[in-house]
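Peer 1: Would you mind keeping the following structure in view while I ask a few things?
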Amino acid sequence: MTTAREIMHAGAVCVQEDESLEDAARRMSELDVGALPVCGPDDRLHGIITDRDIVVKCLAKGKDPRTMNAGLLAQGKPITVDAGADTDEVLRAMEEHKIRRLPVIDDHRLVGMISEADLARRLPEEKVGHFVEMVCASH
């Protein structure tokens, strides 16, 4: 059985809730990623922001990414999966919630992220194909 820990990209880098969206965008560029987990002062996951969030919810509305902080875009309870979850649980969570990135939690701490690319590298082609059909093709 393949687990979330085996699929994930370990060592996800968080942006803090009080950091600016400009800082978050810079970090995304440096890491060559399209999303970052948002963590609070308690070092726990509070949400996720994407490059698209920054464009649509900040720039397109005429807001300043230097003064708007990441916590404002990290709304709602993030969908997560336990590090020991099997691939069916991972895919079910991503498909059910139509998400392309899934934080992996172990003992209430963020230990990694699973992206489409991680799925493509680790799962059989037919499972990845079904995921793409269910999540990506519906956007």
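The values are calculated or read from the model by the stated rules, or taken from the named source; none is laboratory data. The shown structure was predicted, so the numbers you read here are calculated from the model rather than taken from an experiment. The area values use the complete protein model at the heavy-atom level, side chains included, leaving out ligands, DNA and RNA. Shrake-Rupley method; radii C 1.70, N 1.55, O 1.52, S 1.80 Å.
Peer 1: Relative to the first principal axis of the alpha-carbon coordinates of the chain, what is the inclination of helix 21-31, with its axis defined by its Cα atoms, in degrees from 0 to 90 and to the nearest 10?
Peer 2: Once rounded, the angle reads 40 degrees.
Peer 1: Note down the relative contact order for the chain as a percent, whole number, built from C-alpha pairs under 8 angstrom at least six residues apart. All intermediate terms of the calculation are to be shown ahead of the outcome.
Peer 2: On the way: 226 pairs, mean separation 40.6, N = 139.
Answer for the chain is 29 percent.
Peer 1: Turning to a different aspect of this structure: Any chance you could give the angle, 0 to 90 degrees and rounded to 10, that helix 87-97 forms with the longest Cα principal axis of the chain?
Peer 2: In the chain, helix 87-97 runs at an angle near 50 degrees to the longest axis.
Peer 1: Another question, if that's okay. With the calculation restricted to Cα positions, what are the radius of gyration and Dmax of the stretch 31-92 in angstrom?
Peer 2: Rg and Dmax of the stretch 31-92, Cα atoms, are 14.0, 43 Å.
Peer 1: Just the accessible area per residue of the stretch 24-139, please: how many Å² with a 1.4 Å probe? Working shown, then result.
Peer 2: On the way: 6630 Å² over 116 residues.
Here the residues of the stretch 24-139 average 57 Å² of exposed surface.
Peer 1: Could you give me the ³J(HN,Hα) list for the stretch 32-44, computed from phi with Karplus coefficients 6.51, -1.76, 1.60 and θ = phi - 60°, whole Hz, x at Gly and Pro?
Peer 2: Listing the rounded values in order: 6, 10, x, 8, 9, x, 10, 10, x, x, 7, 6, 10 Hz.
Peer 1: Turning to a different aspect of this structure: What is the P(r) of the chain, as percent of Cα-Cα pairs per 10 Å bin from 0?
Peer 2: 12, 42, 33, 12, 1
Peer 1: Please figure out what share of the DSSP beta bridges in the chain is antiparallel and state it in percent, rounded to the nearest 5. Walk me through the intermediate numbers first.
Peer 2: On the way: 15 of 19 bridges.
Percent antiparallel among DSSP bridges in the chain is about 80.
Peer 1: Rg and Dmax of the stretch 55-122 over Cα atoms: what are they, in angstrom?
Peer 2: Taking only Cα atoms of the stretch 55-122, I get Rg and Dmax of 14.9, 43 Å.
Peer 1: Sequence-distant or interchain residues sharing an amide H contact under 5 Å with T2, placed H: which?
Peer 2: Residues meeting the criterion, in which the H sits 1.01 Å from N, are T87.
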